[in-house]
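Single-structure report; data block below.
The values are calculated or read from the model by the stated rules, or taken from the named source; none is laboratory data. These numbers come from a predicted model, not from an experiment. FYI the Cβ positions are ideal-geometry reconstructions off the backbone, even for glycines, and counts take in every protein chain you see. These area figures cover heavy atoms from the full protein model, side chains too; ligands, DNA and RNA do not enter into them. Shrake-Rupley method; radii C 1.70, N 1.55, O 1.52, S 1.80 Å.
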Amino acid sequence: MTNRKKLSSLPQVNECLNSPEGRVWLEKYYRKTVTRSIREVIDSKRKEILGGADPDVSLDALAAQIEEKIKKHSEYKLRPLINASGVVIHTNLGRAVLSDRAIENVKAAAGSYSNLEYEISIGKRGKRYTHIKEIITELTGAEDAVVVNNNAAAVLICLDTFARGKEVIVSRGELVEIGGSFRIPSVMQASGAILREVGTTNKTHLSDYENALCGNTGLLLKVHQSNYKVIGFSEEVPISVLAALGREFKIPVVDDLGSGCLISLERFGIYGEPAVQEVIRQGADLVTFSGDKLLGGPQAGIIVGREKLIQKIQKNPMLRAMRIDKMTFAALEATFMQYLDEEKALQDIPALRMLTQPKDIIKKRANRIRNSLKKLISERAVLEIVPDQSRAGGGSLPETDFPTFAISVRPVNMSVNALEKKLRLGAPPVIARIQGDALLIDARTVLDREVKTLVKSVAAAFGENQ
Ligand SMILES: *Cc1c(COP(=O)(O)O)cnc(C)c1O
């Protein structure tokens, strides 16, 4: 057949749409996705023909390719994956996994009207922040609370409310950068506050803060170092001492905790994350923390502290631009309520459960994964259980090792890089870590309900369809 003849034998888009297959596609998928996929396949065939090839262009021959494209274009771009990296609060992977209760409450709030800004008892307009205040103040011992989109916003609105055009005193040891774009000096600049850095990188004394105080001081800010640590010859001023200084000079003291833990984790050997209620007890006027780090909830920035100050933040017009939606409220309220029983919180909030999980439970899960894999790919890979270290992630606890067990997968007929890539591109994607010539699957961050899918994905990467 000549090129021209072959080209004219290509089916039209409408022809494909009206075929029996086309009608099935239109029922199952979105019309635009279907037409786009058909057009793409026809175009690629046209190119092949113009390039001198002689492809089968019957509808039957094209249908499978079209369907494959439709399926690909119908996938969500944001999708679940399996975190086998061992980093519990992985910012790139969406930070905390919500608890079942939080998920249920999100579903309820999302699919229905609610009293988000409505006072049911009096039948009038209400405030969205009142719902969450009671549980947060009960848990933290603070007088009042307000919630914004994330902790960066929480810090920003504190600076804007109390220190626009004024000086904010911060220790040089606390001028941190968190995850690339949150840098204390930049946030300060964006807020219109003036950064007054004091002390040195390793040591800051009370007298450094005292000497910097002036008529234009708006805030004393303490920032949790989060993702790094100054060790050796170092000293910082404890929040209790800073709070006393602030009280003396009537200047609010803000502690940006970052992670914001509500349970003391020291009994699990986890140090360096002060509990929010402890920082409030020591006299901080305002404390800010994230919803999706150690708290284990949705992305949010929580500000707790003195009622007068929180009320002032609530009057700041900027709050409107940072307000959180009903789904976040629903997730946050459910997550906070789980802390009314600490033991249950440690079990039921995934981030906490993963961080505090006893080694033998992680080992059991690792064994389960290894044994299932062994049945499927024992000829294609060397499988071993190896001790390893997980990380908290999310800028929390940078120095804390979390002893864990990983499944080491050493492929026989494939490079470890190829295996890593296949897993990453799988459905669902599996994110694991390369160490030497092995791929490490950390069992700590794999949820029990994901084990079967994980095993399937790994087998599929080796070409075993189970
Ligand atoms: C993580 C962190 C932030 C930013 O919090 P987001 O919720 O990610 O906006 C700010 N300050 C500190 C100390 C942090 O650790």
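For Glu248 and Ser186, compute 0.36 nm times the residue count separating them, minus their Cα-Cα distance, and round to one decimal in nm. Please report the intermediate quantities before stating the final value.
Values: separation 62, 0.36 × 62 = 22.32 nm, distance 2.90 nm.
Net length gain for the segment: 19.4 nm.
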With every protein chain in place, what's the accessible area of Glu342 (1.4 Å probe, Å², nearest 10)?
-> 80 Å²
Cα-based helix-to-principal-axis angle, 326-338 vs the chain, degrees rounded to 10 = 60 degrees
Stretch gain in nm, segment Leu447-Val13, where the contour uses 0.36 nm per residue and the Cα spacing is subtracted = 151.8 nm
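Could you do me a favour and compute the accessible area per residue for segment 228-383, 1.4 Å probe, result in Å²? All intermediate terms of the calculation are to be shown ahead of the outcome.
Values: 7120 Å² over 156 residues.
Ligands and nucleic acids excluded, the result is 46 Å² per residue.
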Quick one: longest stretch of the chain between exposed loop chymotrypsin sites (Phe, Trp or Tyr not before Pro), exposed meaning at most 10 other C-beta atoms within 10 Å and loop per DSSP?
-> 234-466
If the label point is 7 Å along Cα→Cβ of Met414, which residues in segment 427-448 have backbone nitrogen under 15 Å from it?
-> 427-434, 438-441
Using a simple spin-label model with points 7 Å from Cα along the Cα→Cβ vector, what separation in nm is obtained for Lys359 and Lys5?
-> 7.6 nm
Here the gain from full extension of Glu104 to Glu68, 0.36 nm per residue of separation minus their alpha-carbon distance, amounts to 9.6 nm
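What does the accessible area per residue of segment 137-217 come to in Å², with a 1.4 Å probe and no ligands, DNA or RNA counted? Please list the in-between numbers first.
Numbers: 3260 Å² over 81 residues.
Accessible area per residue, segment 137-217: 40 Å².
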For the chain, give the magnitude of the charge dipole about the Cα centre (Cβ charges: +1 Lys/Arg, -1 Asp/Glu; no others), in debye to the nearest 20.
-> 1660 debye
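With the full set of protein chains in place, find how many percent of the accessible area of segment 3-74 is carbon and sulfur; take the probe as 1.4 Å.
Numbers: 2260 of 4720 Å².
In segment 3-74, the share of accessible area belonging to carbon and sulfur is 48 percent.
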Label-point separation, Tyr29 to Glu343 (7 Å along Cα→Cβ), nm | 5.2 nm
On the accessible surface of segment 320-466, probed at 1.4 Å, how many percent belong to carbon and sulfur atoms?
-> 48 percent
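For segment 152-246, with all protein chains present and a 1.4 Å probe, just round the carbon and sulfur fraction of the accessible area to a whole percent. Show your work: numbers first, answer last.
On the way: 2020 of 4000 Å².
The nonpolar share, carbon plus sulfur, comes to 51 percent.
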Roughly what angle does helix 59-74 make with the longest principal axis of the chain, taking Cα atoms, 0 to 90 degrees, to the nearest 10?
-> 0 degrees
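How high is the FRET efficiency from Leu50 to Gln435, r the C-beta distance, R0 35 Å, rounded to 0.05?
Numbers: r = 48 Å, r/R0 = 1.38.
For R0 = 35 Å, the calculated efficiency reads 0.15.
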Residue-normalised accessible area of segment 3-74, given per residue in Å² at a 1.4 Å probe = 66 Å²
Computed label-point distance, nm, for sites Arg267 and Asp60 using a 7 Å Cα→Cβ extension = 7.0 nm
With every protein chain kept in place and a 1.4 Å probe, the residues Lys363, Lys250 fall, from largest accessible area down, as Lys250, Lys363
Quick one: work out Rg over Rh on the C-alpha atoms of segment 176-229, Rh as Kirkwood radius.
-> 0.97
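For the chain, what number results from the quotient of the Cα radius of gyration and 2.2 N^0.38 Å?
Details: Rg = 27.8 Å, N = 466, 2.2 N^0.38 = 22.7 Å.
The value comes to 1.22.
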